[in-house]
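The values are calculated or read from the model by the stated rules, or taken from the named source; none is laboratory data. Keep in mind the model is a prediction, meaning the values are calculated, not measured. Cβ sites come from the backbone with ideal geometry, for glycine too, and all protein chains shown count toward neighbours. Surface areas here come from the heavy atoms of the whole protein model, side chains and all, with no ligands, DNA or RNA. Shrake-Rupley method; radii C 1.70, N 1.55, O 1.52, S 1.80 Å.
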Amino acid sequence: MNSTYYDPADLKKFGEIEEFQPDLAKKFFDYYGDVFSEGELTSREKSLIALAVSHAIQCPYCIDAYTSDSLEKGASEGQMMEAVHVSAAIRGGASLVHGVQMMNKVKKITM
Amino acid sequence: MASLAKQQHPLARSEAQINFLEKDCFIGPSFKEKLAEQGLFPLKPTEIEIFQMNLGKMCNQTCRHCHVDAGPDRKEIMTQETMLQCLDQIKSHGLKVVDLTGGAPEMNPYFRWLVEELSSLGVHIIVRCNLTIILANPKFHDLPQFFKTNNIEVISSLPHFTAVRTNAQRGSQVFEKSIQALKLLNKVGYGREPTYLLNLVYNPSGAFLPGDQLALEKEFKTRLKSTYDVDFNQLFTITNLPISRYLDYLQQSGNYEAYMENLIATYNPTAAKNVMCRNTLSIGWDGYLYDCDFNQMLDMKIVTNNSGTHISNIDFKSLQSRNIRIGQHCFGCTAGAGSSCGGATT
């Protein structure tokens with residue numbers, strides 16, 4: 001076992017997940033490739049979405065990969081940080097919107 | 001910033017770069033092995049379509065990624081005598097495309113004379129203009145009109161549509177001056193009238209590969225038009241090759257290993273078939289011949305059985321049967337969508 005849970009070198013080994021289950025891995029990687037190809041959204045927009053999601057799920061592999069990918073697709077530093085703020089706003093908002101539930105409960109059980 | 005040569009930096013020497021890439025910090029497999037896997041070794045030329053002349057290492061900029069190690073402190077420039085020898089070869093072999101590069105080729109005192117000579121031969125002339133040279137001195141202010149008069153295709157570097165990314169690679173205020181120069185080129189018709197081609201070059205400003213050429217072109221066009229009212233024709237994506245100043249950057253920033261691994265992992269067999277060295281002849285400022293501009297900077301002169309290695313004594317037939325010289329740096333031209341002086345190759 002590694003001495004740490006995350007090793008940057010493991011990112012390059014992502015494809016090796018097929019070793020234990022090739023059929024599902026193939027389906028996943030085919031789907032993955034299709035998702036990120038140019039469509040109604042540009043591949044740059046998709047990369048920025050992926051960067052934002054990477055921060056929301058706090059996946060270091062994904063942050064590493066989609067920082068490089070966003071740069072390769074021409075995104076600016078400002079666009080990338082705005083994407084991270086979108087992630088932060090949704091995560092923060094998700095906590096805060098539950099404040100309404102708390103308020104409802106407070107109002108119900110207090111005079 | 002001084003050039004590596006001026007700094008007497010170890011990487012200013014081509015042997016040191018080759019040793020670094022091929023021995024001391026070799027990351028495999030070798031380019032030769034990759035070519036051999038698809039039956040492309042030894043790599044052979046197709047037909048010489050582009051005659052690329054490096055008019056010198058002198059430049060008004062000192063870009064961090066420059067594979068030429070060009071700059072204001074470099075004084076090596078092509079003489080008129082060498083230009084005459086080039087013109088003789090262009091004439092006698094009926095070459096159709098001449099690509100003038102540098103440094104800043106416009107700084108060579110015989111630049112305009114050479115362009116007019118080429119123009120009278122009716123060849124297609126490409127000038128790799130760094131844009132800021134147009135504003136660098138009043139004597140260069142009329143370059144847009146000069147380019148137009150001689151029907152030149154202008155190819156200019158602009159690594160990003162933001163100042164921060166461009167200036168990080170090319171120097172302080174380069175973005176602002178480049179936009180000004182682009183406007184001057186637009187004003188005389190470049191990028192706007194169909195026959196006056198203004199193409200931009202995108203080199204990644206860091207240790208990453210270029211993205212999709214068409215998608216980047218679309219983004220650049222939208223951004224440059226909406227923010228600066230600048231027009232251009234095509235965007236060429238060019239991968240940075242791990243030599244000279246860019247190799248120094250990779251080393252200094254701790255990115256060398258990951259970058260080489262990325263180049264190798266994204267090796268594209270189709271791009272390997274289309275590498276520019278197969279249809280280009282590169283002429284150094286001193287008249288020596290190379291398979292490409294990158295081999296030129298590594299001082300890897302062409303090797304043939306019966307031809308000399310200088311423009312004064314070449315035998316075109318022998319050139320056609322030569323083996324193209326290769327090295328680990330060549331992975332830069334075969335990564336992803338491929339890379340050449342004309343952009344992606346697939």
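For this structure, a couple of remarks:
- For the pair B:LYS32 and A:LYS27, label points projected 7 Å from Cα toward Cβ lie 4.7 nm apart.
- Distance from the alpha carbon centroid of region B:9-45 to that of region B:150-176 works out to 30 angstrom.
- Within 10 Å of the Cβ of each residue in B:213-223, the mean number of Cβ atoms contributed by other protein chains is 2.
- Point-to-point label distance, B:GLN7-B:ASN313, nm (Cα→Cβ direction, 7 Å offset): 3.8
- Placing dummy labels 7 Å off each Cα toward the beta-carbon, the span from B:GLU261 to A:ILE49 is 3.0 nm.
- Relative to the current alpha-carbon distance between B:THR346 and B:ASP142, full extension at 0.36 nm per residue lengthens the span by 69.8 nm.
- What region A:15-109 shows is 69 Å² of accessible area per residue, with the surface traced by a 1.4 Å probe over protein heavy atoms.
- Other protein chain Cβ atoms within 10 Å, averaged over every residue that makes up A:71-83: 5
- Shape call, region B:5-122: gyration tensor on alpha carbons, a/c limit 1.5: oblate
- Tensor-based shape of region A:1-69 (alpha-carbon gyration tensor, a/c under 1.5 rounded, otherwise prolate or oblate): oblate
- Surface share of carbon and sulfur [accessible, 1.4 angstrom probe, percent] for chain B: 50
- Listed by chain and number, the lysines placed with their C-alpha closer than 28 angstrom to that of A:LYS73 are A:LYS12, A:LYS13, A:LYS26, A:LYS27, A:LYS46, B:LYS34, B:LYS177, B:LYS183, B:LYS218, B:LYS221, B:LYS225, B:LYS273; residues fewer than eight positions away on the same chain are left out.
- Mean per-residue shielding of peptide A:62-70 is 1, counting Cβ atoms of other chains within 10 Å of each Cβ.
- Extension gain from A:LYS108 to A:ALA94, taking 0.36 nm per residue of separation minus the Cα-Cα distance: 2.8 nm
- Prolate/oblate/rounded label for chain B (Cα gyration tensor, a/c 1.5): rounded
- Aspartates and glutamates whose Cα lies under 20 Å from that of B:LYS6, excluding same-chain neighbours fewer than 8 positions away: B:GLU15, B:ASP69, B:ASP73, B:GLU76, B:ASP248, B:ASP286, B:ASP299
- Buried area at the B-A interface (accessible, heavy atoms, 1.4 Å probe, summed, Å²): 1000
- Magnitude of the charge dipole, chain B, Cβ model with Lys/Arg +1 and Asp/Glu -1, debye to 20: 420
- Per residue, in Å², the accessible surface of chain B once ligands and nucleic acids are set aside, probe 1.4 Å: 40
- Nearest-10 value in Å² for the accessible area of B:LEU121, using the 1.4 Å probe: 70
- In order through region B:295-304: 3J(HN,Hα) via Karplus (6.51 cos²θ - 1.76 cosθ + 1.60), integer Hz, x for Gly, Pro: 4, 4, 6, 8, 6, 9, 5, 4, 10, 9
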